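The next block holds one structure in the form of C-alpha coordinates; read it before the comments.
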Amino acid sequence: MNEERTSIGFLARLFGTFAKVGVMTFGGGYAMLPILQREIVEDRHWATEEELMDYYAVGQCTPGIIAVNTATFIGQKKAGIAGGIMATLGVVFPSIVIILLIASVLTHFADAPVVRHAFAGIRVCVCVLVFNAVVKLWKGAVKDKAGLCIFAVVFLLSVFLDVSPVVYVIIAAVTGILLTQMGVRGK
Amino acid sequence: MIYLRLFFEFFKTGLFAVGGGLATVPFLYDMADKTGWFTHGALADMIAVSESTPGPMGVNMATYVGYTTAGIPGGVIATLGLFMPSLIIIMIIAKVLQKFRQNKYVDAGFYGLRPCSLGLIAAAGYLIFRLALLDLDAYAVSGSVRDLFHWKAWILAAVLLILTNLVPKVKKVHPIFFILASAVVGIVFAF
(Lines give C-alpha, C1' and ligand atoms only; values in the text may rest on other atoms or scores of the structure.)
Protein backbone atom coordinates (compact mmCIF):
# COMPACT_ATOMS: atom_id res chain seq x y z
CA MET A 1 0.00 0.00 0.00
CA ASN A 2 2.78 2.40 0.94
CA GLU A 3 4.54 1.72 -2.29
CA GLU A 4 1.42 2.58 -4.21
CA ARG A 5 0.94 5.78 -2.26
CA THR A 6 4.29 7.28 -3.03
CA SER A 7 4.19 6.31 -6.69
CA ILE A 8 3.93 8.93 -9.43
CA GLY A 9 0.52 7.49 -10.28
CA PHE A 10 -0.84 8.17 -6.83
CA LEU A 11 0.58 11.69 -6.77
CA ALA A 12 -1.15 12.30 -10.10
CA ARG A 13 -4.41 11.04 -8.60
CA LEU A 14 -4.01 13.41 -5.64
CA PHE A 15 -3.46 16.29 -8.05
CA GLY A 16 -6.43 15.27 -10.21
CA THR A 17 -8.80 14.79 -7.31
CA PHE A 18 -7.99 18.14 -5.74
CA ALA A 19 -8.18 19.87 -9.12
CA LYS A 20 -11.70 18.46 -9.36
CA VAL A 21 -12.48 19.78 -5.88
CA GLY A 22 -11.09 23.19 -6.94
CA VAL A 23 -13.29 23.31 -10.04
CA MET A 24 -16.41 22.42 -8.07
CA THR A 25 -15.81 24.93 -5.27
CA PHE A 26 -17.34 28.38 -5.56
CA GLY A 27 -16.52 30.97 -2.93
CA GLY A 28 -14.67 30.25 0.28
CA GLY A 29 -13.40 27.34 2.27
CA TYR A 30 -16.78 26.49 3.76
CA ALA A 31 -18.24 25.95 0.29
CA MET A 32 -15.65 23.22 -0.21
CA LEU A 33 -16.75 21.01 2.69
CA PRO A 34 -19.65 19.11 1.05
CA ILE A 35 -17.50 18.46 -2.03
CA LEU A 36 -14.63 17.15 0.09
CA GLN A 37 -17.06 14.91 1.95
CA ARG A 38 -18.14 13.29 -1.29
CA GLU A 39 -14.79 13.12 -3.09
CA ILE A 40 -12.40 12.38 -0.23
CA VAL A 41 -14.52 10.55 2.35
CA GLU A 42 -17.24 8.72 0.41
CA ASP A 43 -15.68 8.04 -3.00
CA ARG A 44 -11.98 7.58 -2.23
CA HIS A 45 -11.87 6.78 1.50
CA TRP A 46 -8.76 8.94 1.91
CA ALA A 47 -10.03 10.24 5.24
CA THR A 48 -12.91 9.53 7.62
CA GLU A 49 -15.64 12.05 8.34
CA GLU A 50 -14.04 12.76 11.74
CA GLU A 51 -10.58 13.27 10.27
CA LEU A 52 -12.00 15.70 7.74
CA MET A 53 -13.65 17.73 10.52
CA ASP A 54 -10.32 17.75 12.39
CA TYR A 55 -8.47 19.04 9.34
CA TYR A 56 -11.11 21.68 8.91
CA ALA A 57 -10.88 22.79 12.50
CA VAL A 58 -7.10 23.04 12.31
CA GLY A 59 -7.28 24.60 8.85
CA GLN A 60 -9.39 27.33 10.40
CA CYS A 61 -6.97 27.98 13.21
CA THR A 62 -3.77 28.02 11.23
CA PRO A 63 -2.71 30.91 9.02
CA GLY A 64 -3.78 30.74 5.40
CA ILE A 65 -6.74 29.91 3.22
CA ILE A 66 -8.86 27.05 4.65
CA ALA A 67 -9.17 25.36 1.24
CA VAL A 68 -5.38 25.22 0.80
CA ASN A 69 -4.76 24.17 4.40
CA THR A 70 -7.19 21.24 4.12
CA ALA A 71 -5.73 20.09 0.79
CA THR A 72 -2.19 20.18 2.21
CA PHE A 73 -3.32 18.16 5.24
CA ILE A 74 -4.94 15.35 3.28
CA GLY A 75 -2.14 15.19 0.72
CA GLN A 76 0.51 15.08 3.44
CA LYS A 77 -1.36 12.34 5.29
CA LYS A 78 -1.66 10.16 2.18
CA ALA A 79 1.77 10.63 0.62
CA GLY A 80 4.05 12.79 2.74
CA ILE A 81 5.55 16.09 1.66
CA ALA A 82 5.23 15.35 -2.06
CA GLY A 83 1.58 14.48 -1.48
CA GLY A 84 0.92 17.74 0.36
CA ILE A 85 2.49 19.72 -2.45
CA MET A 86 0.60 17.87 -5.20
CA ALA A 87 -2.78 18.22 -3.44
CA THR A 88 -2.18 21.95 -2.95
CA LEU A 89 -1.10 22.47 -6.55
CA GLY A 90 -4.19 20.55 -7.62
CA VAL A 91 -6.61 22.70 -5.64
CA VAL A 92 -5.17 25.99 -7.00
CA PHE A 93 -4.62 24.82 -10.60
CA PRO A 94 -8.18 25.39 -11.92
CA SER A 95 -8.25 28.88 -10.37
CA ILE A 96 -5.02 29.85 -12.07
CA VAL A 97 -6.19 28.69 -15.50
CA ILE A 98 -9.74 30.06 -15.30
CA ILE A 99 -8.86 33.40 -13.72
CA LEU A 100 -5.98 34.04 -16.13
CA LEU A 101 -8.36 33.45 -19.06
CA ILE A 102 -11.06 35.73 -17.67
CA ALA A 103 -8.66 38.44 -16.52
CA SER A 104 -6.90 38.57 -19.88
CA VAL A 105 -10.23 39.06 -21.68
CA LEU A 106 -11.64 41.48 -19.13
CA THR A 107 -8.69 43.87 -19.03
CA HIS A 108 -9.21 44.57 -22.75
CA PHE A 109 -12.81 45.61 -22.22
CA ALA A 110 -12.54 47.24 -18.79
CA ASP A 111 -13.19 50.73 -20.17
CA ALA A 112 -16.21 49.86 -22.33
CA PRO A 113 -19.36 51.61 -20.99
CA VAL A 114 -21.29 48.34 -20.85
CA VAL A 115 -18.60 46.73 -18.68
CA ARG A 116 -18.42 49.78 -16.41
CA HIS A 117 -22.20 49.83 -15.87
CA ALA A 118 -22.24 46.08 -15.29
CA PHE A 119 -19.55 46.29 -12.62
CA ALA A 120 -21.20 49.28 -10.96
CA GLY A 121 -24.25 47.04 -10.52
CA ILE A 122 -22.11 44.10 -9.44
CA ARG A 123 -20.37 46.17 -6.75
CA VAL A 124 -23.72 46.77 -5.07
CA CYS A 125 -24.23 43.01 -5.05
CA VAL A 126 -20.73 42.36 -3.67
CA CYS A 127 -21.46 44.84 -0.89
CA VAL A 128 -24.61 42.91 0.06
CA LEU A 129 -22.79 39.55 -0.17
CA VAL A 130 -20.00 40.77 2.14
CA PHE A 131 -22.60 42.04 4.60
CA ASN A 132 -24.35 38.65 4.53
CA ALA A 133 -21.03 36.86 5.05
CA VAL A 134 -20.23 38.97 8.11
CA VAL A 135 -23.66 38.23 9.59
CA LYS A 136 -23.20 34.51 8.93
CA LEU A 137 -19.72 34.37 10.48
CA TRP A 138 -20.75 36.47 13.47
CA LYS A 139 -21.94 33.63 15.72
CA GLY A 140 -18.74 31.62 15.33
CA ALA A 141 -16.40 34.58 15.76
CA VAL A 142 -17.92 36.90 18.37
CA LYS A 143 -18.71 34.83 21.43
CA ASP A 144 -18.71 37.33 24.31
CA LYS A 145 -18.37 41.02 25.23
CA ALA A 146 -14.60 41.00 24.80
CA GLY A 147 -15.04 39.55 21.32
CA LEU A 148 -17.52 42.29 20.50
CA CYS A 149 -14.99 44.89 21.68
CA ILE A 150 -12.22 43.40 19.54
CA PHE A 151 -14.53 43.38 16.52
CA ALA A 152 -15.63 47.00 17.06
CA VAL A 153 -12.14 48.36 17.75
CA VAL A 154 -10.58 46.60 14.76
CA PHE A 155 -13.44 47.69 12.49
CA LEU A 156 -13.28 51.36 13.51
CA LEU A 157 -9.48 51.58 13.51
CA SER A 158 -9.12 49.99 10.10
CA VAL A 159 -11.82 52.25 8.62
CA PHE A 160 -10.15 55.41 9.91
CA LEU A 161 -6.45 54.56 10.09
CA ASP A 162 -4.02 53.34 7.47
CA VAL A 163 -2.37 50.51 9.40
CA SER A 164 -1.48 47.09 7.97
CA PRO A 165 -3.96 44.32 8.93
CA VAL A 166 -0.90 42.33 10.07
CA VAL A 167 -0.65 44.62 13.11
CA TYR A 168 -4.27 43.99 14.11
CA VAL A 169 -3.89 40.23 13.68
CA ILE A 170 -0.84 40.05 15.95
CA ILE A 171 -2.32 42.33 18.62
CA ALA A 172 -5.63 40.41 18.57
CA ALA A 173 -3.89 37.06 19.07
CA VAL A 174 -1.92 38.43 22.03
CA THR A 175 -5.09 40.03 23.43
CA GLY A 176 -6.90 36.70 23.16
CA ILE A 177 -4.18 34.98 25.18
CA LEU A 178 -4.08 37.75 27.81
CA LEU A 179 -7.87 37.84 28.21
CA THR A 180 -7.97 34.07 28.63
CA GLN A 181 -5.19 34.19 31.22
CA MET A 182 -7.02 36.93 33.10
CA GLY A 183 -10.22 34.87 33.10
CA VAL A 184 -12.24 37.48 31.21
CA ARG A 185 -13.09 35.08 28.41
CA GLY A 186 -16.69 33.95 28.11
CA LYS A 187 -18.12 36.87 30.08
CA MET B 1 11.80 43.48 -8.96
CA ILE B 2 8.03 43.23 -9.24
CA TYR B 3 7.83 39.42 -9.06
CA LEU B 4 9.74 39.25 -5.81
CA ARG B 5 7.59 42.01 -4.35
CA LEU B 6 4.40 40.22 -5.47
CA PHE B 7 5.59 36.98 -3.93
CA PHE B 8 6.45 38.72 -0.66
CA GLU B 9 3.16 40.64 -0.45
CA PHE B 10 1.09 37.51 -1.06
CA PHE B 11 3.25 35.42 1.27
CA LYS B 12 2.41 37.98 3.95
CA THR B 13 -1.29 37.72 3.07
CA GLY B 14 -1.15 33.93 3.24
CA LEU B 15 0.60 34.08 6.57
CA PHE B 16 -1.74 36.53 8.31
CA ALA B 17 -5.13 36.02 6.65
CA VAL B 18 -7.01 33.71 8.99
CA GLY B 19 -10.05 31.81 7.76
CA GLY B 20 -11.54 31.33 4.35
CA GLY B 21 -12.98 33.30 1.50
CA LEU B 22 -13.08 36.98 2.28
CA ALA B 23 -10.24 36.89 4.83
CA THR B 24 -7.72 37.91 2.14
CA VAL B 25 -9.72 40.99 1.12
CA PRO B 26 -8.57 43.41 3.88
CA PHE B 27 -4.95 42.56 3.04
CA LEU B 28 -5.57 43.32 -0.62
CA TYR B 29 -7.02 46.75 0.25
CA ASP B 30 -3.90 47.43 2.27
CA MET B 31 -1.80 46.26 -0.70
CA ALA B 32 -3.71 48.62 -3.03
CA ASP B 33 -2.96 51.58 -0.72
CA LYS B 34 0.70 50.75 -0.24
CA THR B 35 1.75 49.69 -3.74
CA GLY B 36 -0.71 51.42 -6.08
CA TRP B 37 -0.85 48.22 -8.15
CA PHE B 38 -4.64 48.45 -8.46
CA THR B 39 -7.46 50.74 -7.30
CA HIS B 40 -10.17 50.05 -4.72
CA GLY B 41 -12.68 49.99 -7.58
CA ALA B 42 -10.71 47.36 -9.48
CA LEU B 43 -10.50 45.30 -6.30
CA ALA B 44 -14.29 45.32 -5.88
CA ASP B 45 -14.58 44.06 -9.46
CA MET B 46 -12.05 41.32 -8.77
CA ILE B 47 -14.08 40.17 -5.76
CA ALA B 48 -17.11 39.78 -8.02
CA VAL B 49 -15.16 37.79 -10.62
CA SER B 50 -13.55 35.62 -7.91
CA GLU B 51 -16.94 34.84 -6.38
CA SER B 52 -18.44 33.90 -9.73
CA THR B 53 -15.70 31.58 -10.93
CA PRO B 54 -14.76 28.14 -9.63
CA GLY B 55 -11.99 27.79 -7.06
CA PRO B 56 -11.35 29.03 -3.52
CA MET B 57 -11.89 32.78 -3.46
CA GLY B 58 -8.57 33.67 -1.86
CA VAL B 59 -6.69 31.81 -4.58
CA ASN B 60 -8.77 33.44 -7.32
CA MET B 61 -8.05 36.88 -5.87
CA ALA B 62 -4.31 36.20 -5.77
CA THR B 63 -4.23 35.02 -9.38
CA TYR B 64 -6.31 38.00 -10.54
CA VAL B 65 -4.33 40.63 -8.67
CA GLY B 66 -1.04 39.04 -9.75
CA TYR B 67 -2.13 38.99 -13.38
CA THR B 68 -3.27 42.62 -13.46
CA THR B 69 -0.03 43.67 -11.78
CA ALA B 70 2.52 41.66 -13.76
CA GLY B 71 0.88 39.45 -16.39
CA ILE B 72 0.72 35.66 -16.44
CA PRO B 73 3.94 35.10 -14.44
CA GLY B 74 2.59 37.58 -11.91
CA GLY B 75 -0.61 35.56 -11.52
CA VAL B 76 1.31 32.36 -10.94
CA ILE B 77 3.82 33.92 -8.53
CA ALA B 78 1.15 35.67 -6.45
CA THR B 79 -0.71 32.36 -6.08
CA LEU B 80 2.49 30.56 -5.08
CA GLY B 81 3.18 33.25 -2.49
CA LEU B 82 -0.32 32.90 -1.07
CA PHE B 83 -0.22 29.16 -0.43
CA MET B 84 3.45 28.84 0.55
CA PRO B 85 2.91 29.70 4.25
CA SER B 86 0.02 27.19 4.45
CA LEU B 87 2.14 24.51 2.90
CA ILE B 88 5.05 25.05 5.29
CA ILE B 89 2.96 25.46 8.46
CA ILE B 90 0.62 22.54 7.79
CA MET B 91 3.54 20.23 6.98
CA ILE B 92 5.05 21.09 10.35
CA ILE B 93 1.94 20.76 12.50
CA ALA B 94 0.46 17.74 10.69
CA LYS B 95 2.71 15.58 12.88
CA VAL B 96 1.48 17.10 16.12
CA LEU B 97 -2.11 17.68 15.08
CA GLN B 98 -3.90 16.79 18.30
CA LYS B 99 -1.43 18.59 20.54
CA PHE B 100 -1.71 21.71 18.40
CA ARG B 101 -5.51 21.72 18.55
CA GLN B 102 -5.58 21.28 22.29
CA ASN B 103 -2.81 23.74 23.09
CA LYS B 104 -4.37 26.37 25.34
CA TYR B 105 -2.32 29.22 23.92
CA VAL B 106 -3.30 28.38 20.35
CA ASP B 107 -6.92 28.18 21.41
CA ALA B 108 -6.71 31.48 23.32
CA GLY B 109 -4.93 33.19 20.43
CA PHE B 110 -7.67 32.23 18.03
CA TYR B 111 -10.32 33.36 20.49
CA GLY B 112 -8.89 36.86 19.91
CA LEU B 113 -8.15 36.39 16.22
CA ARG B 114 -11.61 35.45 14.99
CA PRO B 115 -13.41 38.67 15.93
CA CYS B 116 -10.39 40.60 14.60
CA SER B 117 -10.58 38.84 11.24
CA LEU B 118 -14.31 39.56 11.07
CA GLY B 119 -13.71 43.23 11.96
CA LEU B 120 -11.19 43.50 9.11
CA ILE B 121 -13.64 41.93 6.66
CA ALA B 122 -16.41 44.28 7.81
CA ALA B 123 -14.09 47.27 7.28
CA ALA B 124 -13.30 46.04 3.76
CA GLY B 125 -17.06 45.73 3.25
CA TYR B 126 -17.45 49.37 4.31
CA LEU B 127 -14.95 50.44 1.64
CA ILE B 128 -17.03 48.66 -1.00
CA PHE B 129 -20.18 50.23 0.47
CA ARG B 130 -18.68 53.71 0.15
CA LEU B 131 -17.68 52.99 -3.43
CA ALA B 132 -20.91 51.37 -4.59
CA LEU B 133 -23.59 53.26 -2.70
CA LEU B 134 -22.21 56.71 -1.86
CA ASP B 135 -20.98 59.50 -4.12
CA LEU B 136 -18.61 61.42 -1.89
CA ASP B 137 -17.15 63.44 -4.78
CA ALA B 138 -20.52 64.84 -5.89
CA TYR B 139 -21.40 65.51 -2.25
CA ALA B 140 -18.16 67.40 -1.69
CA VAL B 141 -18.90 69.63 -4.70
CA SER B 142 -22.59 70.37 -4.11
CA GLY B 143 -22.90 69.83 -0.36
CA SER B 144 -26.40 68.50 -0.99
CA VAL B 145 -27.35 65.29 0.80
CA ARG B 146 -29.31 64.31 -2.31
CA ASP B 147 -26.03 63.93 -4.18
CA LEU B 148 -24.49 61.78 -1.44
CA PHE B 149 -26.46 58.67 -2.32
CA HIS B 150 -26.52 56.60 -5.49
CA TRP B 151 -30.28 56.14 -5.34
CA LYS B 152 -30.49 53.45 -7.99
CA ALA B 153 -27.81 51.48 -6.16
CA TRP B 154 -29.68 51.79 -2.84
CA ILE B 155 -32.82 50.35 -4.40
CA LEU B 156 -30.85 47.44 -5.87
CA ALA B 157 -29.11 46.85 -2.52
CA ALA B 158 -32.43 46.80 -0.66
CA VAL B 159 -33.92 44.33 -3.14
CA LEU B 160 -30.83 42.08 -2.94
CA LEU B 161 -30.77 42.22 0.85
CA ILE B 162 -34.39 41.09 1.01
CA LEU B 163 -33.97 38.39 -1.65
CA THR B 164 -30.80 36.90 -0.13
CA ASN B 165 -32.09 36.88 3.45
CA LEU B 166 -35.85 36.74 3.58
CA VAL B 167 -37.25 34.95 0.53
CA PRO B 168 -37.07 31.24 1.44
CA LYS B 169 -36.49 29.63 -1.95
CA VAL B 170 -34.48 32.48 -3.47
CA LYS B 171 -31.95 32.84 -0.65
CA LYS B 172 -30.55 29.37 -1.35
CA VAL B 173 -29.73 30.38 -4.93
CA HIS B 174 -26.03 30.55 -5.74
CA PRO B 175 -24.43 34.03 -5.40
CA ILE B 176 -23.38 33.91 -9.06
CA PHE B 177 -27.07 34.36 -9.96
CA PHE B 178 -27.31 37.59 -7.94
CA ILE B 179 -24.02 38.85 -9.36
CA LEU B 180 -25.17 38.28 -12.95
CA ALA B 181 -28.59 39.80 -12.27
CA SER B 182 -26.90 42.87 -10.74
CA ALA B 183 -24.71 43.20 -13.84
CA VAL B 184 -27.84 43.22 -16.03
CA VAL B 185 -29.54 45.78 -13.77
CA GLY B 186 -26.38 47.91 -13.87
CA ILE B 187 -26.37 47.89 -17.68
CA VAL B 188 -30.13 48.41 -18.16
CA PHE B 189 -30.39 51.29 -15.68
CA ALA B 190 -26.96 52.78 -16.55
CA PHE B 191 -25.41 52.72 -13.05
message = Suppose we filter B:Gly143, B:Gly112 for residues that are of a type outside the set (Lys, Arg) and touching a helix residue (DSSP H, G or I) at 6+ places or on another chain (Cβ under 6 Å); which single one remains?
response = B:Gly112
query = How about the range B:1-52: which helices (runs of 4 or more DSSP H) wholly inside it have at least 1 residues that are closer than 23 Å to B:Ser182 by Cα?
reply = B:25-35, B:40-52
ask   = Got a sec? Which of A:Ala103, A:Ala146, A:Ala112 is closer than 23 Å to B:Phe191 by Cα, in contact with a Ser or Thr (Cβ under 9 Å, 6 or more places away or on another chain) and among the small types (Gly, Ala, Ser)?
value = A:Ala103
message = Among the numbered criteria (1) hydrophobic (A, V, I, L, M, F, W, C); (2) open to solvent by less than 30 Å² (accessible area, probe 1.4 Å); (3) within 7 Å of another protein chain (Cβ to nearest Cβ); (4) free of Cβ contacts under 8 Å to residues at least 12 places away in the same chain, which one does B:Val18 miss?
response = (4)
key: Unmet criterion (only one of (1) farther than 17 Å from A:Ala71 by Cα; (2) facing another protein chain (nearest Cβ under 7 Å); (3) more than 13 Å from the chain's Cα centre (by Cα); (4) open to solvent by less than 30 Å² (accessible area, probe 1.4 Å)) for B:Ala44   = (3)
inquiry  = If A:Ile99 satisfies all but one of (1) within 24 Å of B:Pro175 (Cβ to Cβ); (2) open to solvent by 30 Å² or more (accessible area, probe 1.4 Å); (3) of a type in the set (Val, Ile, Thr), what's the number of the condition it fails?
reply    = (2)
inquiry  = Please pick out the residue among B:Ala183, B:Ala190, B:Ala122 that is closer than 26 Å to B:Tyr29 by Cα and either assigned to a loop (DSSP other than H, G, I, E, B) or not assigned by TED's automatic domain parsing to the domain that holds B:Phe16 (or both).
reply    = B:Ala183
ask   = Picking from B:Val65, B:Val141, which residue would you name as being β-branched (Val, Ile, Thr), over 17 Å from the mean Cα position of the chain (by Cα) and part of a helix (DSSP H, G or I)?
value = B:Val141
task = Would you confirm whether any residue within the range B:122-135 is within 7 Å of chain A (Cβ to nearest Cβ), on the phi < 0 side of the Ramachandran plot, open to solvent by 40 Å² or more (accessible area, probe 1.4 Å) and at pLDDT 85 or above?
result = yes
request  = Sort through B:Ile92, B:Ile77 and tell me the only one that's in a helix (DSSP H, G or I), farther than 30 Å from A:Asp111 by Cα and more than 9 Å from every other protein chain (Cβ to nearest Cβ).
outcome  = B:Ile92
task = State all residues of the range A:172-187 that are part of a helix (DSSP H, G or I) and surrounded by 16 or more Cβ atoms within 10 Å (Cβ to Cβ); if no residue qualifies, say none.
result = A:Ala172, A:Ala173, A:Thr175, A:Gly176, A:Ile177, A:Leu179, A:Thr180
task = Those residues that are more than 8 Å from chain B (Cβ to nearest Cβ), assigned to a helix (DSSP H, G or I) and open to solvent by less than 80 Å² (accessible area, probe 1.4 Å), I need them from the range A:106-128; list them, please.
result = A:Pro113, A:Val115
key: Output for the range A:60-82, where each listed residue is buried (at least 24 other Cβ atoms within 10 Å of the Cβ) and either under 19 Å from B:Phe10 (Cα atoms) or more than 7 Å from chain B (Cβ to nearest Cβ) (or both)   = A:Gly64, A:Ile65, A:Ile66, A:Ala67, A:Val68, A:Asn69, A:Thr70, A:Ala71, A:Thr72, A:Ile74, A:Gly75
message = Looking for something facing chain B (nearest Cβ under 9 Å), under 28 Å from B:Lys104 (Cα atoms) and part of a helix (DSSP H, G or I) - is there at least one such residue anywhere in the range A:83-104?
response = yes
query = Within the bounds of the range A:150-159, is there any residue that is among the aliphatic types (A, V, I, L, M), closer than 29 Å to B:Ala42 by Cα, open to solvent by 20 Å² or more (accessible area, probe 1.4 Å) and assigned to a loop (DSSP other than H, G, I, E, B)?
reply = no
inquiry  = Go through the range A:133-149 and report how many residues are in a helix (DSSP H, G or I) and open to solvent by 90 Å² or more (accessible area, probe 1.4 Å).
reply    = 3
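The values are calculated or read from the model by the stated rules, or taken from the named source; none is laboratory data. None of the values given here were measured: they were computed from a predicted structure. Note that we place each Cβ from the backbone using ideal geometry, even for glycine, and neighbour counts take in every protein chain shown. Protein only, heavy atoms only, side chains kept; ligands, DNA and RNA dropped before computing areas. Shrake-Rupley method; radii C 1.70, N 1.55, O 1.52, S 1.80 Å.
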